[in-house]
Structures are given as C-alpha cells and as structure tokens.
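Report on one structure; see the data block that follows.
Just so it is clear, none of the values below were taken in a lab; they were calculated from the coordinates. These numbers come from a predicted model, not from an experiment. Cβ coordinates were reconstructed from backbone atoms using ideal geometry, including for glycine residues, and neighbour counts include every protein chain displayed.
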Amino acid sequence: MQTKIFFATLLSVQTVIAILDPCTFYPKGFIPKNETETVVITPSCLKGIIDWNYPRGSLKVLFNEPKPYSLCLIDWLGGDAFTIYDNSFGKMTQLKTLSSENQCIQSNGHHAELKVEAPTEQRYMGGFTYEIKY
C-alpha cells in the first residue's frame with residue numbers, strides 16, 4: 001500500500017513540475033484524425049516536454065535554433081504509443097519507438113521538424129521529452 005502511495009505521489013510531483021515548466025507544451029486534444037496541429041518550440045527551450053492529452057490526429061513539431069544541433073527524444077509517459085517521423089530534410093523517416101534511451105536526429109541547419117501521429121486506439125495522454133544538444 002505504501003508503495004502505491006509513493007508512486008502516486010511521485011507521479012503527481014512530476015506532473016506539477018511539468019505544468020510549471022515554460023518549455024512543456026500541451027497540444028490540443030481530440031484533433032480530428034485527418035488534421036494536424038502545429039507546435040512551435042520556443043528557441044530558448046533547449047529541454048522540455050510535449051504532453052498531449054487525448055491524442056488524436058497528428059502534430060507537426062517545429063524546432064528552430066541559432067546553429068545546427070542534435071534533437072534527442074525520450075519517452076516520458078506513454079510516448080511509446082506515438083508514431084514519430086523526422087521530416088527535417090523534407091523526407092519522412094520513421095523513428096524507432098520511443099523508450100527510456102535517447103533517440104537523436106540531426107537538424108537541417110537550424111531547423112528540425114517532427115510529425116507525431118497519435119495511436120489509433122484512444123488514450124488519455126502521452127508524452128515525450130526533447131533536448132537540443134549543440
């Protein structure tokens with residue numbers, strides 16, 4: 001019982017920290033299946049979270065930085081259910097399923113673009129962390 005309370009408290013603390021972080025982005029939920037929402041990551045955000053509640057449809061996530069970089073992704077909470085593509089070079093390249101290990105892509109100069117497809121079955125939420133490395 002104490003273990004369950006500990007993990008529930010830990011999850012709550014992580015959620016509060018994410019909510020207060022200006023580099024955590026919350027895309028709109030319930031996007032129609034054939035529509036895409038664009039999320040532009042603020043250039044000063046070198047590390048943050050994409051926290052998508054009621055994911056449906058897809059996201060286009062845009063990163064623009066002052067110099068070339070690596071963009072690394074890690075599963076945060078249910079992010080392994082997303083299908084993610086790197087479209088930085090104008091060609092959709094599917095990434096491996098997200099896990100607890102870094103998965104990095106190279107920017108195209110100052111620009112990187114991800115397409116994130118929601119899972120086909122309805123979920124309450126899913127999220128992943130991003131980190132820009134120079």
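A few points about this structure:
- Each Lys and Arg contributes +1 and each Asp and Glu -1, all at the Cβ; summed about the Cα centre of the chain, the dipole is approximately 60 debye.
- Taking the C-alpha atoms only, the angle from helix 2-20 to the longest principal axis of the chain is near 40 degrees.
- Contour minus Cα-Cα distance for Tyr124 and Phe30 (0.36 nm per residue): 32.8 nm
- Here the simple spin-label model places points 7 Å from the Cα toward Cβ, and for Lys67 and Gln106 these points are separated by 1.7 nm.
- Whole-number percent relative contact order across the chain, with pairs defined as alpha carbons under 8 Å at least 6 apart: 29 percent
- Computed about the Cα centre, the dipole magnitude for the stretch 59-110 is approximately 220 debye when only Lys and Arg (+1) and Asp and Glu (-1) carry charge, each at its Cβ.
- When shorter helices are ignored and each DSSP H run of at least 4 residues is given -39500 (n - 2.57), the per-residue value for the chain at 222 nm works out to -5000 deg cm²/dmol.
- Ser100 sits among other residues whose Cβ lies under 11 Å from its own Cβ, and their net charge, with Lys and Arg +1 and Asp and Glu -1, is -3.
- Inter-label distance for Asp21 and Gln94, nm, one decimal - labels placed 7 Å from Cα along Cα-to-Cβ: 2.8 nm
- Inter-centroid distance (Cα atoms) of the stretch 107-125 relative to the stretch 55-87, Å: 5 Å
- Shape category assigned to the stretch 94-133 from the gyration tensor of Cα positions, a/c cut at 1.5: prolate
- Cα-based Kirkwood hydrodynamic radius, the stretch 2-133, one decimal, Å: 15.2 Å
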